[in-house]
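So the structure is just underneath, and the comments pick up after that.
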Amino acid sequence: MRLWPKFFCILIVCAASAASAQQWQIPTPRQSLPVPSDGSTVNYPNVNLIPGMKYRVHTSGWATVSSTKETADACYYWQVIPFAPTFIPVSIKTRTSGANEDWFYNFWKASGFQGGNAQKSGIYDASILSSGNPLSFRFFDTKEPPSNYYSDNTGSILIEVARETPGIAIQKDTLDFGTVRAGTQKSLLDSIESYGVEGYSVVNVSMLGTSASKFSVTSQRVVPFVLTETTNEFVFTYSPTSAGRDSAEFHIFSSNGFGADREKVIYLYGNGIKTQLTFSPDTLDFGIIRAGKTKTLPELIINGNNVTVSVTGITPETPGSTYSITGSPNWVIPNGNSVSIPVTFAPTVTGTFFEKFDVTTDDGSLFHFYATGICGAPSVDLEKAVLDFGKVILKQSKKLQDNFGNAPLPIGTAPLNVVSTFNSNPAEYTITGNQGVKSYDPGHLETYEVTFSPQVHIPLCGNHDGYFQLNYDDGTSTTITFLGCDHAPLDVNLKIDTNYYVSAGQELDVVQKLIDLEDPLDSAITPVDSLSERITYDASLFDLLSVSKGALINAAEWNLRSVPMAGGIDVTVNSTSAHLGPGGPLLVLRFRAHSDAKLGQFTDLVQSNIKFGNPFEPLATTDPGKITISDICFPVQVTYGNMGTSIEQNNPNPFNPATHIHYAIGRNSDGSPVQVRISLYDALGRFVGVLVDEAKAPGMYDYVFDGSSYSSGAYLYVFQAGGILDRKTMVLAK
């Protein structure tokens with residue numbers, strides 16, 4: 001039976017790396033290909049082999065041809081064209097019998113690779129120099145036309161092909177030693193590995209380049225050597241002699257390498273540096289010491305290199321220097337570390353001394369650090385001769401500091417020796433700091449903290465004075481004088497300063513004010529931050545609707561707490577961050593008169609149980625208020641003078657930007673107009689301006705206040721007319 005041509009082809013690819021191989025290593029390319037000869041048609045893809053490369057072909061198995069007309073042939077194919085293959089024969093052997101014989105024997109014998117009789121083992125090897133064409137096998141019939149093929153061959157053939165020409169793989173083609181200090185060395189490892197059936201022959205190696213002398217190499221094997229699918233390790237060493245960039249090339253020469261593998265290059269780089277040392281501090285300042293004394297300070301030498309540095313010497317440049325180094329003449333400092341060097345200053349005469357130290361290292365580098373110091377004399381130095389404490393609240397305290405010591409200048413030769421101290425008023429002045437025998441070296445200062453706490457009240461800033469005396473070994477002394485007064489209790493007044501009128505069933509606001517008659521309550525000596533009190537009234541005539549903060553404590557820092565009771569209320573105001581100011585509206589109490597109240601009935605507003613949150617409380621007096629049932633339409637303050645004159649609370653309030661201020665003017669006894677003045681103050685009691693200042697005839701008046709040009713906040717307006725004085729608060733809320 002005639003069939004299509006049957007081709008037995010070898011496919012050459014790279015096998016997978018062995019599990020133990022590193023990533024840089026290259027295993028020898030191998031491929032195993034079973035070739036059936038049972039009559040089936042098998043086509044394998046042809047692979048172009050590298051021209052000039054030798055390959056090792058290993059075959060095993062047998063094949064039987066059934067006809068004496070068939071011939072076995074192995075050949076290189078230029079191309080595969082059905083029915084008309086073009087080939088260059090490698091060997092041709094005609095079989096004249098269909099006996100079961102070893103087919104490959106004659107192929108290898110004909111190629112001259114192996115001779116002799118048939119090999120019963122059926123295993124043969126051959127070396128083939130590739131011309132770049134695919135390697136293929138086939139059976140064909142030489143008696144028939146070339147297009148006629150038979151498929152009645154039997155047997156089993158295994159063909160294995162491996163690269164024979166050796167190659168080389170390098171673990172790292174570039175080694176960078178980084179930064180290395182001159183005079184030291186650094187080593188790095190590199191490896192090569194051969195692949196291919198034939199061993200890679202290294203015949204020579206060479207170090208080339210302008211910096212080749214700074215690099216050296218040690219080989220695991222003695223050159224020349226042969227590597228057969230194994231590795232060789234090189235140890236490269238970089239030894240810079242100066243600062244700068246260095247490079248070299250390590251060349252590996254082979255006698256049997258293929259192409260670029262005949263000469264391989266490993267590139268070497270390194271950066272040489274000189275020693276880098278820094279000092280902390282750069283200059284040691286010993287200050288002032290007296291002659292015959294010594295002082296030792298540490299100088300920190302810091303190694304800023306990436307290698308260990310040996311300091312071989314530290315010497316002062318001045319012959320007979322007052323400075324010296326103690327300890328080992330050699331200090332080894334690991335990279336990134338430091339060493340502390342003790343430097344001693346020992347002057348014998350007065351003066352200022354400066355020194356320069358030479359620091360040498362194992363690579364010949366030279367560095368410097370410096371020292372300065374003074375040899376001086378004792379001199380009393382007192383920052384303040386008088387400590388004036390001013391006024392301090394009784395039983396409270398105030399602290400001041402004074403500095404005393406052996407002054408830095410003028411310089412001299414002796415310490416300042418204190419043999420005793422004396423406090424004239426220990427009951428009221430407490431002194432913190434050294435007291436008693438003490439020797440102060442030149443330049444030393446002692447800080448004394450003095451606390452003044454007056455224990456009794458002496459009027460008119462009476463004598464709370466005292467002093468602190470320091471006595472020296474030469475019979476002299478120094479005195480620090482203390483001046484202080486105790487602060488008398490403050491007088492304050494809690495005042496509801498008007499008589500209020502309201503119609504039955506109507507509501508009105510009553511303002512309680514804090515009036516400070518002496519120092520402001522927020523001064524440094526009286527930080528009053530809370531106040532509690534009780535306000536009582538006649539509950540049969542009036543209901544207390546609410547208690548709110550006045551302008552004095554209207555800030556968010558102040559808390560208001562009110563606890564109602566029958567006919568009264570307990571009020572507490574306090575703050576953790578603010579203090580009571582110099583005076584102003586404290587509370588606003590809103591009352592409502594009972595609807596059945598009769599004209600002329602009234603209630604007194606009594607303030608009691610007053611307590612300030614301060615260890616030294618102000619002395620408080622009170623002016624109680626009064627609310628009277630009246631048929632007038634606005635509250636009137638009646639004190640003395642013209643009884644028909646009064647002023648209303650502005651409306652609206654709060655306002656933005658305008659509000660109405662209504663007031664009534666009565667008649668003078670002599671019939672003349674009444675001089676009216678309305679003045680404006682801010683929440684701190686500072687004068688802002690005059691709203692009205694003119695004579696008015698009896699009648700009702702409406703003044704419109706425009707706050708467009710004023711800042712938001714509370715304002716106090718004071719009404720003066722015909723002997724009437726009244727003050728009210730309005731709030732501008734923009």
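For Gly390, the residues whose modelled amide H falls within less than 5 Å of its own, excluding neighbours fewer than 5 places apart on the same chain, are Cys485. Each residue of the range 174-183 is assigned a 3J(HN,Hα), and the resulting list reads 9, 10, 10, 7, x, 9, 10, 6, 4, x Hz, derived from the Karplus form 6.51 cos²θ - 1.76 cosθ + 1.60 (θ = phi - 60°), x at Gly and Pro. Rounded to the nearest whole Hz, the Karplus-based 3J(HN,Hα) values (6.51 cos²θ - 1.76 cosθ + 1.60, θ = phi - 60°) of the range 216-229 follow the sequence 9, 9, 10, 9, 5, 10, 6, 6, x, 8, 10, 10, 10, 6, with x at glycine and proline. Distance from a point 7 Å along Cα→Cβ of Phe354 to each backbone N in the range 263-295: keep the residues under 20 Å and list them by number. Output list for this probe position: 279-289.
Pairs exceeding 25 Å between alpha-carbon atoms, taken from Lys293/Lys384; Lys549/Lys611; Lys399/Lys611; Lys391/Lys438: Lys293/Lys384; Lys399/Lys611; Lys391/Lys438. The residues of the range 536-609 expose on average 49 square angstrom of accessible surface per residue, using a 1.4 Å probe on protein heavy atoms. In this structure Ile50 has an accessible area near 80 Å², from a 1.4 Å probe over the protein heavy atoms. Backbone geometry of the range 570-581 corresponds, through the Karplus equation with coefficients 6.51, -1.76 and 1.60 at θ = phi - 60°, to 3J(HN,Hα) couplings of 9, 10, 10, 10, 7, 8, 8, 10, 10, 10, 5, x Hz, x marking Gly and Pro. Here the peptides 684-695, 618-629 are ranked by packing, the mean other Cβ count within 10 Å, and the order with the highest first is 618-629, 684-695.
Residues whose amide H falls under 5 Å from that of Ser191, counting only those 5 or more places apart or on a different chain, are Gln171, Lys172, Phe234, with hydrogens built in the peptide plane. Check which residues have an amide H placed less than 5 Å from Lys384's amide H, if you skip close sequence neighbours. It is Asn403, by chain and number.
The stretch between Lys734 and Leu382, if pulled fully straight at 0.36 nm per residue, gains 121.1 nm over its current Cα-Cα span.
Inter-part distance, the range 302-370 to the range 699-734, computed on C-alpha centroids, equals 81 Å.
The values are calculated or read from the model by the stated rules, or taken from the named source; none is laboratory data. Keep in mind it's a predicted model, so treat the numbers as computed, not measured. No Cβ is skipped: glycine too gets one built from the backbone with ideal geometry, and neighbour counts run over all protein chains shown. With ligands, DNA and RNA removed, areas are computed over all heavy atoms of the protein, side chains included. Shrake-Rupley method; radii C 1.70, N 1.55, O 1.52, S 1.80 Å.
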